[in-house]
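Below is one structure, written out as structure tokens, with a few remarks after it.
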Ligand code: SF4
């Protein structure tokens with residue numbers, strides 16, 4: 001962690017060392033050691049400080065890499081945006097899933113394995129289905145899972161230790177950190193950041209480039225990423241469709257203890273004799289969004305677009321349009337490329353993390369991506385596509401993250417459905433009104449970042465505010 005952050009945040013709050021130490025229940029000497037980097041606070045102390053300073057936990061770990069993020073010099077490939085994994089949370093399920101795959105790959109012949117979860121993985125792992133995904137990934141192999149909620153001396157809030165055994169002897173060990181977005185760091189191994197492939201980092205730059213070269217946004221994606229990107233996006237689309245179909249087939253109660261009933265199938269079958277086309281569209285799009293979000297809540301396979309919690313928006317609008325208008329899979333892949341570009345811009349210039357900027361960053365971004373995809377499918381101009389995405393984000397500004405009991409179910413599932421409908425609305429408005437627009441996509445992304453940082457910590461994926469606090473279930 002970045003120890004200077006403790007001093008910086010303490011001074012911003014006008015707190016003396018003695019006062020802060022008292023609030024934390026530690027000695028002044030301990031706090032001084034933390035601030036000098038001679039020792040590190042445990043997870044509980046970090047949580048307490050985050051609360052006192054009103055910042056996210058991640059902000060303690062902000063380092064030079066994170067600073068670079070505020071002045072981006074490039075953007076990563078769309079392969080780094082769309083990821084396949086088990087829901088419901090990229091840090092609690094996809095990260096651990098990748099850690100298990102890494103460790104099994106290293107020790108394919110072990111007799112048995114042990115995984116110890118620490119920090120947030122230990123405290124909220126059951127609700128987030130971390131144990132379920134570990135067992136699923138180890139499949140037929142013998143694995144013991146231990147939740148260690150008390151160990152404080154860990155390098156990251158999402159840390160896991162992994163052991164392999166052969167003939168009763170320990171043969172390997174790895175300490176792995178799930179550092180967000182499904183990415184992992186293995187202690188002792190260099191973490192290689194994926195390279196930037198886009199040199200442009202704003203929509204304005206991309207738009208100018210495309211207009212000068214007389215190419216559209218999909219041609220731009222192909223030019224930068226290479227023709228293979230179409231293959232990758234087709235694969236993502238196939239998984240999205242499979243996920244919708246499984247979600248529409250399933251019934252029953254979602255795991256986690258909230259007793260939330262699956263509703264996708266029910267919604268898709270509620271045909272009324274005199275149903276209007278608009279009502280049907282609403283019902284079907286929502287049923288697809290529910291289908292994916294419910295699969296995500298169950299820990300099943302989804303495509304992160306751009307996060308697990310918001311993974312229902314994009315497939316819902318695309319599936320509806322493909323069924324209604326017969327778009328080919330390639331046309332849908334091209335739309336995923338254009339929408340991915342928007343997700344990439346938000347990820348690069350603001351955030352797609354609910355823990356960093358609230359739900360506007362997850363659902364708002366997914367809505368903007370879906371709006372741009374519809375722009376592509378309906379042959380909208382670059383200006384109109386920009387406007388559609390801008391509308392989609394603008395009207396999610398300030399949306400907080402407050403999942404009840406920390407489960408990605410209430411309000412997340414409905415929120416996916418509402419955002420899918422809002423994307424359709426945004427593209428319709430943009431189609432008619434783009435000549436009158438006054439706000440650029442880049443400005444609204446910057447506004448989202450500033451708004452996100454101003455949102456109190458309770459409303460940024462801590463389940464300590466909003467619905468998560470008020471609603472008792
Ligand atoms: S409320 Fe939070 S967890 Fe749920 S979708 Fe929004 S950002 Fe994700």
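The values are calculated or read from the model by the stated rules, or taken from the named source; none is laboratory data. Predicted model, so just to flag it, every value in this text is computed and none were measured. Here Cβ is always computed from backbone atoms with ideal geometry, including for glycine, and neighbour counts include all displayed protein chains.
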Which of the following residues is over 22 Å from residue 430 (Cβ atoms), assigned to a helix (DSSP H, G or I) and within 11 Å of the ligand (Cβ to nearest atom): 366, 355?
-> 355
Could you tell me whether region 88-106 includes any residue that is surrounded by 24 or more Cβ atoms within 10 Å (Cβ to Cβ), farther than 11 Å from residue 178 by Cβ, modelled with pLDDT of 90 or more and under 16 Å from the mean Cα position of the chain (by Cα)?
-> yes
Residue 258 vs. criteria within 16 Å of the ligand (Cβ to nearest atom), touching a helix residue (DSSP H, G or I) at 6+ places or on another chain (Cβ under 9 Å) and touching a residue at least 60 places away in the same chain (Cβ under 8 Å) | yes
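Could you pull out the residue among 299, 309, 339 that is over 30 Å from residue 195 (Cβ atoms) and either crowded, with 24+ Cβ neighbours inside 10 Å or within 16 Å of the ligand (Cβ to nearest atom) (or both)?
On inspection, the qualifying residue turns out to be 299.
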When you look at residue 345, is it more than 16 Å from the ligand (Cβ to nearest atom), under 27 Å from residue 55 (Cβ atoms) and surrounded by 24 or more Cβ atoms within 10 Å (Cβ to Cβ), yes or no?
-> yes
Where residue 278 falls short, out of the listed (1) outside any loop (DSSP other than H, G, I, E, B); (2) within 16 Å of the ligand (Cβ to nearest atom); (3) at pLDDT below 95 = (2)
Boolean, residue 403 is within 14 Å of the ligand (Cβ to nearest atom), touching a helix residue (DSSP H, G or I) at 6+ places or on another chain (Cβ under 8 Å) and either without any contact (Cβ under 8 Å) to a residue 60 or more places away in the chain or not assigned by TED's automatic domain parsing to the domain that holds residue 314 (or both) | no
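Rundown of residues vs (1) surrounded by fewer than 12 Cβ atoms within 10 Å (Cβ to Cβ); (2) over 22 Å from residue 347 (Cα atoms); (3) at pLDDT 95 or above, yes/no style:
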{"position": "196", "(1), (2), (3)": "no, no, yes"}
{"position": "248", "(1), (2), (3)": "no, yes, yes"}
{"position": "274", "(1), (2), (3)": "yes, yes, no"}
{"position": "282", "(1), (2), (3)": "no, yes, yes"}
{"position": "285", "(1), (2), (3)": "no, yes, yes"}
Test: residue in region 413-423 that is touching a strand residue (DSSP E or B) at 6+ places or on another chain (Cβ under 8 Å) and crowded, with 24+ Cβ neighbours inside 10 Å = no
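For the structure I just gave you, tell me whether residue 416 is more than 10 Å from the ligand (Cβ to nearest atom) and more than 30 Å from residue 214 (Cβ to Cβ).
Values: more than 10 Å from the ligand (Cβ to nearest atom): no; more than 30 Å from residue 214 (Cβ to Cβ): yes.
When the stated conditions are applied, residue 416 does not pass them.
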Being over 18 Å from the mean Cα position of the chain (by Cα) and over 19 Å from residue 204 (Cβ atoms) is the filter here, so list the residues in region 359-375 that pass it.
-> 373, 374
In region 419-438, how many are modelled with pLDDT of 95 or more, in contact with a helix residue (DSSP H, G or I) (Cβ under 7 Å, 6 or more places away or on another chain) and more than 10 Å from the ligand (Cβ to nearest atom)?
-> 9
Restricting attention to region 120-147, report how many residues are modelled with pLDDT of 85 or more and not in a loop (DSSP other than H, G, I, E, B).
-> 17
